[in-house]
1. Considering only the stretch 60-92, state which residues are of a type in the set (S, T, N, Q) and farther than 29 Å from Val41 by Cβ.
2. Out of all the residues in the stretch 139-173, which are open to solvent by 10 Å² or more (accessible area, probe 1.4 Å) and in a strand (DSSP E or B)?
3. Kindly indicate whether Ser106 is open to solvent by 20 Å² or more (accessible area, probe 1.4 Å), among the polar types (S, T, N, Q), touching a Lys or Arg at 6+ places or on another chain (Cβ under 9 Å) and not in a loop (DSSP other than H, G, I, E, B).
4. Name, by its number, the condition in (1) in contact with a helix residue (DSSP H, G or I) (Cβ under 6 Å, 6 or more places away or on another chain); (2) of a type outside the set (Phe, Trp, Tyr); (3) open to solvent by 20 Å² or more (accessible area, probe 1.4 Å); (4) touching a residue at least 24 places away in the same chain (Cβ under 8 Å) that does not hold for Glu80.
5. Could you grab the pairs with beta carbons closer than 8 Å, sequence gap of 6+ or different chains, first residue in the stretch 165-176 and without any contact (Cβ under 8 Å) to a residue 12 or more places away in the chain, second one polar (S, T, N, Q) and open to solvent by less than 70 Å² (accessible area, probe 1.4 Å)?
6. Please list, ordered by first then second residue, the pairs with beta carbon atoms under 8 Å, 6 or more apart or interchain, first in the stretch 111-124 and within 21 Å of Ala156 (Cα to Cα), second of a type in the set (Asp, Glu) and part of a loop (DSSP other than H, G, I, E, B).
7. Being touching a Gly at 6+ places or on another chain (Cβ under 8 Å) and either in contact (Cβ under 8 Å) with a residue 12 or more places away in the chain or assigned to a loop (DSSP other than H, G, I, E, B) (or both) is true for just one of Leu16, Leu61. Which residue is that?
8. For Ala21, which of the numbered conditions (1) more than 30 Å from Trp193 (Cα to Cα); (2) modelled with pLDDT of 90 or more; (3) not β-branched (Val, Ile, Thr) fails to hold?
Amino acid sequence: LETYAGTATRFSQRILVSEVACHPDWEFISVDVEKAFLQGVTYKELAELTGEPERVVHFTLPPGAAKHLRKCKGFENFDETRECLKCIKPGTGCKDAPRCFSMKLSKVTQDPACGMKPSFMDKELEILHEEGKGVTMLMTKHVDDLKIGGLPPRPAQVLEKIEKVFGPMDRNYNEFLNCGVHQKRYPNGDIEWDQDAYIADL
């Protein structure tokens, strides 16, 4: 199986933070997409997008789970002794789940409604360039952890488009943990990084 987990490089993370530090009027935001690996493209969509054969995946339920499944419409007569379930999309535990989520997220952020473009050096660093204004927003994607720096109202507009597809997300401004790094923006615009919490957990 071809596997891919969309993770921005450390260099891309630094570029975004550097740009935010140089633009005091920009917002600095971190968000996390909930249940990301259950929200990717389906196996049918993956086959259509890539030209690969459609993958067929089945699984059996753990002991005792069938009685709960039988409460769902259409599964009242489910017999776990001779039946199994078919996955229509990869979920947590499937090797292609991160790839399918990354593809769906890119479809949203790179849609003309958002206008983001992947950079040539790192496709998980996306840039919004507006005519007459230059670069107005940057986003790094580390699978389901997104970090954004941008001129208002662009970040809010892009996040609204993402939430329409993936559901509500908590937005953390100016101080947050992202990819194991604590990042804090001070009133003078300086941004400090540390990994004290990450090291303490180790």
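The values are calculated or read from the model by the stated rules, or taken from the named source; none is laboratory data. Note that the structure is predicted; figures quoted are calculated from it, not measured. Backbone-built Cβ (ideal geometry, glycine too); neighbour counts: all protein chains shown. Surface areas here come from the heavy atoms of the whole protein model, side chains and all, with no ligands, DNA or RNA. Shrake-Rupley method; radii C 1.70, N 1.55, O 1.52, S 1.80 Å.
1. Listed by number, the residues that qualify are Asn77, Thr81.
2. His142, Asp145, Arg171, Asn172, Tyr173
3. yes
4. Of everything listed in (1) in contact with a helix residue (DSSP H, G or I) (Cβ under 6 Å, 6 or more places away or on another chain); (2) of a type outside the set (Phe, Trp, Tyr); (3) open to solvent by 20 Å² or more (accessible area, probe 1.4 Å); (4) touching a residue at least 24 places away in the same chain (Cβ under 8 Å), Glu80 misses just condition (4).
5. Between residues of the stretch 165-176 that are without any contact (Cβ under 8 Å) to a residue 12 or more places away in the chain and residues that are polar (S, T, N, Q) and open to solvent by less than 70 Å² (accessible area, probe 1.4 Å), the close pairs are Glu175/Gln183.
6. What qualifies is Pro118/Glu124.
7. Leu16
8. (1)
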